[in-house]
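This report concerns only the one structure given below.
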Amino acid sequence: MIYQGKALTAKYLEDGIAELCFDLEGDSVNKFNRVTLQELGEATTALVGEAGLKGVLVTSGKSVFIVGADITEFTELFKLPDAELRGWAQQANDVFNAFEDLPVPTVVAINGVALGGGFEMCLACDYRVMSTAAIVGLPEVKLGINPGFGGTVRLPRVIGCDNAMLWVATGNQQKPDAALKDGGVDAVVAPELLKEASLDLLKSAIAGEFDYKARRVEKTTPVKLNDIERMMSFTTGKAMVAQQAGRHMPAPLTAAKSMERNAGLNRAEAIEVEIDHFIKLVRTPQSAALVGLFLSEQAVSKAARGFAKAGGDVKQAAVLGAGIMGGGIAYQSAYKGTPILMKDIAEAGIELGMKEAGKLLAKRVSRGRMTADKMSAVLNSIRPSLSYDGFDKADVIVEAVVENPKVKRAVLAETEKHIRNDAVLASNTSTISITHLAEALERPENFCGMHFFNPVHAMPLVEVIRGEKTSESTVARVVKYALQMGKTPIVVNDCPGFYVNRVLFPYFAGFDMLIRDGADFRKVDKVMEGFGMPMGPAYLMDVVGIDTGYHAAEVMADGFPDRMRHDFTGISQMMFEAKRYGQKNGIGFYRYEEDKKGKPKKCEDDTALEMAAKAKQASVELSDDDIQARMMIPMCIETVRCIDEGILRDPADADMGLVMGIGFPVFRGGALRYIDQMGAKAFCEMADRYADLGPLYQPTASLRAMAANGETFFK
Ligand code: NAD
């Protein structure tokens with residue numbers, strides 16, 4: 001044994017060849033935490049001291065290679081002052097450099113995921129052999145930072161500046177073929193041949209058949225480009241990167257600049273440039289939000305797995321209502337392997353549901369992502385029906401009929417008679433209280449909400465709603481089913497609108513008030529899209545359906561009359577009354593025409609503008625900041641209320657719910673992170689400036705207390 005640590009070991013395999021194996025104790029994956037970094041340094045020193053050493057093979061003892069840096073350490077690490085953070089980064093790079101400088105050739109066998117720091121470790125080796133089961137890449141920009149262990153220095157020197165710019169600025173994972181084509185790895189082999197092939201390559205390098213030293217010279221000296229080539233490569237590259245990343249994401253362009261500046265330098269200076277850019281990005285609010293969101297995502301997934309433990313497998317599902325949602329649910333369930341019965345009262349409904357599923361499957365087949373055989377197998381596992389035949393076999397039954405409490409109660413009560421006593425019934429209602437719907441049932445403990453988002457196949461979030469009488473085993477079963485469907489469930493307590501719609505409607509109310517006060521809805525859309533929302537509020541209402549939104553707003557107003565009932569006729573009500581329902585009937589705030597691909601194209605409509613002029617009751621001067629504040633304050637305050645009232649488990653669920661449910665901009669992290677970044681005090685002061693707009697703009701007592709104590713939602 002040359003070195004034995006908690007994260008890695010080094011020992012002789014044969015004849016002067018050492019194996020450095022990453023295998024982090026007590027963890028299912030390898031990652032570059034502080035321990036791993038320190039031990040890599042120690043193991044490297046030990047290897048240098050081995051007189052008979054001829055070569056080093058780098059491997060992993062896990063199914064992944066190294067997933068990357070340990071992001072759970074980032075929050076504390078990134079709080080360090082610049083000098084200390086620089087010290088940490090410099091030390092880490094000293095370790096990688098020392099490994100790269102070993103007096104013998106090195107080959108890495110990349111058996112599985114090698115991302116971020118994991119792939120930077122691979123780049124520090126002389127040769128890279130990749131299994132067909134592995135993926136590689138530098139995804140740091142997705143966390144709002146750039147690679148910090150020499151990635152922006154070594155990658156351009158290994159695969160060329162143009163390719164490196166693409167790899168780093170997109171942060172995309174690279175599959176074996178693509179990695180080989182670009183030269184990021186030297187060979188791709190089947191998993192079972194990986195170690196042998198890597199060892200063979202190492203022996204050839206030891207025998208002098210490959211000049212590993214020449215490779216090192218390439219990696220540690222300036223990129224070989226003349227000034228004109230360098231300018232062309234980086235100028236074009238940067239323009240492309242800036243355009244793709246948009247103005248909210250500084251990391252891709254900063255990473256590109258890091259590569260441009262370090263290209264003409266030797267390794268030591270080049271790494272200093274990388275560290276400069278790294279620190280600059282660490283200090284951005286975007287990186288704080290993205291790192292925070294990553295951690296929230298992990299917390300949400302862990303919680304879901306915890307809830308699902310007692311859920312048992314869902315072997316057969318059923319859905320009631322074959323409309324937009326029912327069809328989507330049937331598709332997703334079948335596609336992910338849970339057979340499903342789909343019942344409707346109308347033949348037309350069934351046809352629509354099957355058509356919806358068929359369309360999605362055909363798209364997969366045409367894109368080469370599914371075989372025709374698999375498509376027919378999936379379609380066959382959706383059994384359409386006009387009766388309850390087979391419902392006694394279903395473990396979970398999802399109700400997705402029209403959003404009408406009377407209809408839903410009747411359908412649920414009838415369904416309960418056709419299903420097993422231990423089966424779980426769930427409603428996909430968007431707004432109606434689960435506790436209220438449960439009153440119609442004999443077994444309310446077996447009932448909960450399962451709120452999907454439209455379109456079901458594309459939206460990752462599912463809210464699982466616990467009514468007053470819902471049992472924990474019911475929650476467990478439905479969470480399990482959501483996970484089987486490949487969704488991310490969050491468990492919330494019951495209230496009108498649950499979580500996502502409850503906070504979305506105050507946002508829409510903010511919109512109605514803006515139009516009342518004279519804002520142009522096209523400008524509001526533009527400002528909120530500039531804020532990072534995937535679409536502005538008027539366009540969003542058109543997409544959701546103004547009739548759907550109107551009915552839901554009524555439910556919300558009944559549930560929270562103190563703040564969600566308007567005392568004026570808002571533009572959305574006027575649109576509803578004029579039967580302008582949005583995309584579904586081709587006219588709403590905008591007019592929709594089919595484009596060449598048959599997709600609805602948004603166009604301006606004079607009548608909508610005239611209606612907005614009628615809805616206007618004042619001419620308040622409104623800056624972009626006013627618009628943004630007046631839209632965001634109600635949503636943020638309602639989110640805080642959901643935390644205060646225990647509707648949500650914690651801030652992680654809150655922010656993930658908004659990101660996954662409505663496409664809240666990831667670089668802002670979510671409504672609570674938005675308050676945190678502004679500071680609760682500044683947020684309350686901002687809300688107070690709009691206090692005359694009513695109770696939706698009134699911060700809660702808890703938020704004022706946080707403001708007074710300088711507290712944050714996230715640590
Ligand atoms: P939809 O009108 O497209 O479909 C409803 C279907 O239910 C119709 O096919 C209808 O024939 C059928 N139906 C009516 N009564 C029935 C009964 N007794 N038994 C069986 N089928 C019956 O509606 P949708 O948009 O799919 O919405 C369904 C539910 O999902 C609603 O509760 C809605 O609030 C909720 N939801 C909708 C969206 C959305 O964006 N569309 C998003 C989330 C949740």
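Structural remarks
- Rounded tilt (10° steps) of 82-100 against the dominant C-alpha axis of the chain: 50
- Largest-first ordering by accessible area, 1.4 Å probe, given options Y592, Y581: Y581, Y592
- Angle between the chain longest axis and helix 285-308 axis [Cα atoms, degrees, rounded to 10]: 70
- MRE, 222 nm, helices only [DSSP H, n ≥ 4, -39500 (n - 2.57), over the chain, to nearest 500]: -16000 deg cm²/dmol
- Residues T236, T712 ordered from highest to lowest accessible area at a 1.4 Å probe: T236, T712.
- Judged by the mean number of other Cβ atoms found within 10 Å, the most tightly packed of the peptides 376-387, 527-538 leads the ranking 527-538, 376-387.
- Calculated log₁₀ intensity ratio I(q)/I(0) where the Debye formula runs over C-alpha points of segment 500-709, q = 0.10, 0.12, 0.17, 0.18 Å⁻¹: -0.42, -0.60, -1.21, -1.35
- Taking Cα atoms only, the orientation of helix 194-206 departs from the longest principal axis of the chain by about 30 degrees.
- P(r) tail for segment 310-435: Cα pairs beyond 23 Å make up 30% of the total.
- Restraint check, K31/K219; K302/K408; K11/K62; K406/K616; K195/K374; K79/K309, Cα-Cα greater than 26 Å: K302/K408; K406/K616; K195/K374; K79/K309
- One quarter of the surface of the convex hull around the alpha-carbon atoms of segment 3-283 equals 13.8 nm², the direction-averaged projected area.
- Here's the picture: charge each Lys and Arg Cβ at +1 and each Asp and Glu Cβ at -1 in the chain, and of L102, G582, I662 the one pushed furthest to the positive end of that dipole is G582.
- Charging the Cβ of each Asp and Glu at -1 and of each Lys and Arg at +1, and nothing else, the dipole of segment 80-238 about its Cα centre rounds to 200 debye.
- Listed peptides 596-604, 329-337, 288-296 by packing density, highest first (mean Cβ within 10 Å): 329-337, 288-296, 596-604
- Semi-axes of the equivalent ellipsoid of the chain are 50, 32, 24 Å, computed as sqrt(5λ) over the eigenvalues of the C-alpha gyration tensor in descending order.
- Taken about its Cα centre, segment 314-494 carries a charge dipole of about 800 debye when Lys and Arg each add +1 at the Cβ and Asp and Glu each add -1 at the Cβ.
- Dipole magnitude (debye, nearest 20) for the chain, charges at Cβ of Lys, Arg, Asp, Glu: 1060
The values are calculated or read from the model by the stated rules, or taken from the named source; none is laboratory data. Given the structure is predicted, the values throughout are model-derived calculations rather than measurements. Neighbour counts run over all protein chains shown; Cβ positions are idealised from the backbone, glycine included. With ligands, DNA and RNA removed, areas are computed over all heavy atoms of the protein, side chains included. Shrake-Rupley method; radii C 1.70, N 1.55, O 1.52, S 1.80 Å.
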